[in-house]
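Only one structure is covered here, and it is reproduced in the block below.
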Amino acid sequence: MRHGMGLAFVVLVLAGSSVEAHFGMFFPMAASTKRGEAVAFIYQWGHPFEHQLFDAPMPEQVTILNPHGKSVDLAPNLIRRTTNGKQTTIYRLHFVPEERGDFVLVLDGSPLWMEEEQEYLQDSIKVVLHVQAQKGWDNVAGKPFEMVPLTRPYGLQPGMVFQVQARANGKPLAQTLIEIERYNPVPPKQLPPDEQITRTSKTDPNGVATCTLTEPGWWCLAAQRDGGSREHKGKMVPLRQRALLWVYVDEQLVK
């Protein structure tokens, strides 16, 4: 991150950094709410740290798991919107929790052609909405590729250690590349070196990534894997799949 972020990793060894990594951004306007109060979610595509946005691909699916693990389709709630002077496509949806507990939302993005990399990129994004009671934050969505929090993904303070596990078909993924980047709600005036924007690491033998989230705001933790191939203009090209988890870090409490 910028301004001497100094993101520290525990146990893991840092790998090379990505340059201008693209991520799907899907999170609520408030990380927690109360039962019966509507919450707005936004889905964007681009560079979170730079707050550089591009047209978001139409999601293939949006589902929510209630605190008991029951899944509900939220795709009909999606509303297409534009931003940046009506030049960039984003999506919004509203959700009203009818009970206390933690709701896990999962957005499956469409494959998106990456011209520079000459490959398709597809994101499955997860975020947890906390509603008064601490139950259900570790519910598994059952996706072929997903990130499962091992640390409660809310109520975090800057500098707290956070752990997540990368899974494929329910099994831990060892030595899987993990990218970590913070979202800026407005473009920063000055950018640090690339290696201070997107940090990279790998999971341990149990598929676990451990990191320290040093500043307030939304953070993305993204695992990636080879998704096989897909046709593009008559030839087969690589498909790279990513499982993302968005986590919110609160402001530092005043002592």
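The values are calculated or read from the model by the stated rules, or taken from the named source; none is laboratory data. Source: prediction; values computed, not measured. A quick note on method: Cβ atoms are made from the backbone with ideal geometry, for glycine too, and the neighbour counts reach across all protein chains shown.
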Filter pass, Thr151 being modelled with pLDDT under 95, out of contact with any helix residue (DSSP H, G or I) (no Cβ under 6 Å at 6 or more places or on another chain), under 19 Å from Ile125 (Cα atoms) and of a type in the set (Val, Ile, Thr): no
Output the number of the condition that Arg230 fails; it satisfies all remaining conditions of (1) assigned to a strand (DSSP E or B); (2) of a type in the set (Lys, Arg); (3) in contact with a Phe, Trp or Tyr (Cβ under 7 Å, 6 or more places away or on another chain); (4) under 23 Å from Phe27 (Cα atoms). (4)
Within segment 183-214, how many residues turn out to be of a type in the set (Asp, Glu), over 27 Å from Asn84 (Cα atoms) and at pLDDT below 95? 1
Which one of these does Arg81 not meet: (1) at positive phi; (2) of a type outside the set (Val, Ile, Thr); (3) surrounded by fewer than 16 Cβ atoms within 10 Å (Cβ to Cβ)? (1)
What is the one condition in (1) surrounded by fewer than 15 Cβ atoms within 10 Å (Cβ to Cβ); (2) closer than 23 Å to Trp219 by Cβ that Asp102 does not satisfy? (1)
Considering only segment 180-202, I want to know if a residue exists there that is of a type outside the set (Asp, Glu), within 18 Å of the chain's Cα centre (by Cα), surrounded by fewer than 17 Cβ atoms within 10 Å (Cβ to Cβ) and farther than 26 Å from Met29 by Cα. no
Could you give me the residue pairs with C-beta distances under 6 Å whose first residue belongs to segment 181-210 and is over 21 Å from Val249 (Cβ atoms), whose second residue is aliphatic (A, V, I, L, M) and exposed (fewer than 12 other Cβ atoms within 10 Å of the Cβ) wherever it lies, and which are 6+ apart or on separate chains? Asp194/Val19
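Just to confirm my filter: which strands (runs of 3 or more DSSP E) fall fully inside segment 73-176 and include at least 3 residues that are over 27 Å from Ser229 (Cα atoms)? It would help to see each step written out before you state the result.
Values: elements: 79-83, 88-95, 101-108, 112-114, 119-131, 145-149, 160-168.
Strands (runs of 3 or more DSSP E) meeting the threshold: 79-83, 88-95, 101-108, 119-131, 160-168.
Taking segment 72-95 on its own, how many of its residues are under 19 Å from Asp108 (Cβ atoms) and either at pLDDT 95 or above or not polar (S, T, N, Q) (or both)?
Just the residues of segment 72-95 that are under 19 Å from Asp108 (Cβ atoms), to begin with: 72-80, 89-93, 95.
Now restrict to residues that are either at pLDDT 95 or above or not polar (S, T, N, Q) (or both): 72-76, 78-80, 89-93, 95.
Of the residues in segment 72-95, 14 are under 19 Å from Asp108 (Cβ atoms) and either at pLDDT 95 or above or not polar (S, T, N, Q) (or both).
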